[in-house]
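Bear in mind these aren't lab numbers, they're just calculated from the coordinates by the rules spelled out. Model, not experiment: these values are computed from the prediction. A quick note on method: Cβ atoms are made from the backbone with ideal geometry, for glycine too, and the neighbour counts reach across all protein chains shown.
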Amino acid sequence: MRSAGDQPGGPAAGGVRGRMQQLIYGFAFSQALYVAARLRLADILAGGPRSVRELAAATGAHQPPPYRLLRALGFGGLVDQPEPATFRLRQHG
């Protein structure tokens, strides 16, 4: 027997495949949020926009990982990128 989410146009858009995708993205976003909290990125960004270089220096990280992390947080609507390689908290971030 199939559930309503398995049906085309069911509550879980895309059926089983769509639901699996939601679970994976949700897990990845929760992990990005966890790392951002551990690095205290919201506290750092509370003072205004910061470049990836500034954020890396403030957290003791190399530049590529914070950039990827902030892009993931942007996907979730917590930060935005007003200029290339510069991030700021969104109003609800």
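Read phi for every residue in segment 29-44 and hand back ³J(HN,Hα) as whole Hz from Karplus 6.51 cos²θ - 1.76 cosθ + 1.60, θ = phi - 60°, with x for Gly and Pro.
5, 5, 5, 5, 5, 4, 5, 4, 5, 4, 7, 6, 5, 5, 5, 5
Set the Förster radius R0 to 35 Å, insert the Cβ-Cβ distance between VAL16 and PHE75 as r into 1/(1 + (r/R0)^6), and round the FRET efficiency to 0.05. If you can, show how the numbers build up before the last one.
Details: r = 23 Å, r/R0 = 0.65.
The computed FRET efficiency comes out at 0.95.
Pop the C-beta distance of LEU23 and ASP43 into the FRET formula with R0 = 25 Å and round what comes out to the nearest 0.05.
Numbers: r = 30 Å, r/R0 = 1.19.
Once rounded, the FRET efficiency stands at 0.25.
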